[in-house]
Amino acid sequence: AETEPSAVVSKGSSENKINFIAGEDVITPPVDPTDPENPNPPDPIDPTDPENPGTGEEGPLSIDYISNLKFGEHEISGKNISYKALNKNPFVQVTDLRGAGDGWSLSAKMTEFTNEDKILKGATLSMKDSVLKAGSASNVSAPPVKSDVVFSNQESQLIMNAKDKAGRGTWLNIWSGTDQANEAVQLNVIAGTPEVDTEYTSSITWELEDAPK
């Protein structure tokens, strides 16, 4: 005899829950700029900047890493010259673990290149043609928007801008180029300004705000 089709005689339901809070005390280490998902990032992250472990800033919204730019040693020239950065993959890394999608903005401003009372007058730093990468390739958040910048004075420049619901998770802005001669990051020095046997230093202040611009 044919068997009767089976029938459901009893049923119940179960419920699955997970709750998330902002990553308040999380320190996000720098990831590999060439392969952000690399489980074993190189040490140092930037061979040109080996003493830089990252900022150690705590979340939920943090700047995790900023490359120090190196331009090496050069003979004085009688012409205006653009010197290319030695760093192959200088980058800045930002992480947003707030989970609210409020957006954020990263700006930077640069001081003059100086050595005590000596000033490298009129020197400008250009950072262009960067690439944005998510710390996780499967991140579904909209990316922040990046900008090319030229630091020609001490005014703040917008580097990355994450509008509403964008820029969640970890994001890198990477100025990749040729090792020891990175055309994406160039320092333009005006003829007649360098002093012999003088190392000039400038600092860039990076500021992360908790809303887009």
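Numbers at a glance
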{"quantity": "Centre separation in Å (Cα based) which lies between the range 37-57 and the range 96-123", "calculated": "20"}
{"quantity": "Most to least packed among 9-18, 62-71 [average Cβ atoms within 10 Å]", "calculated": "62-71, 9-18"}
{"quantity": "Amide H contacts under 5 Å for K88, placed H, 5+ residues apart", "calculated": "T48, Q180"}
{"quantity": "Candidates F20, F113, F91, ranked by Gaussian network fluctuation over the chain, Cα under 10 Å, top entry", "calculated": "F20"}
{"quantity": "GNM result for the chain, Cα springs below 10 Å: residue of E183, E73, E58 fluctuating most strongly", "calculated": "E73"}
{"quantity": "Distance histogram for the range 165-206 (every C-alpha pair counted, 10 angstrom bins, percent rounded to whole numbers)", "calculated": "17, 32, 34, 11, 6, 0"}
{"quantity": "Relative contact order (%) - criterion: Cα under 8 Å, at least six apart; region: the chain", "calculated": "26"}
{"quantity": "Share of carbon and sulfur in the accessible heavy-atom surface of the range 44-144 [1.4 Å probe, %]", "calculated": "49"}
{"quantity": "Inter-centroid distance (Cα atoms) of the range 2-22 relative to the range 147-213, Å", "calculated": "55"}
{"quantity": "Partner lysines for K146 [C-alpha distance under 26 Å; skip if fewer than 8 residues away on the same chain]", "calculated": "K70, K84, K88, K109, K128, K133, K163, K165, K213"}
{"quantity": "Value of relative contact order over the range 22-137, rounded to a whole percent, pairs C-alpha under 8 Å and six or more apart", "calculated": "27"}
{"quantity": "Peptides 23-34, 161-172, 45-56 ordered by average Cβ neighbours within 10 Å, highest first", "calculated": "161-172, 23-34, 45-56"}
{"quantity": "Average accessible area per residue (Å²) across the range 68-139 - probe 1.4 Å, nucleic acids and ligands excluded", "calculated": "50"}
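The values are calculated or read from the model by the stated rules, or taken from the named source; none is laboratory data. These figures come from a predicted structure and were not determined experimentally. We place every Cβ from the backbone using ideal geometry, glycine too, and count neighbours over all the protein chains shown. Just so you know, the surface numbers come from the protein's heavy atoms only, side chains and all, with ligands and any DNA or RNA stripped out. Shrake-Rupley method; radii C 1.70, N 1.55, O 1.52, S 1.80 Å.
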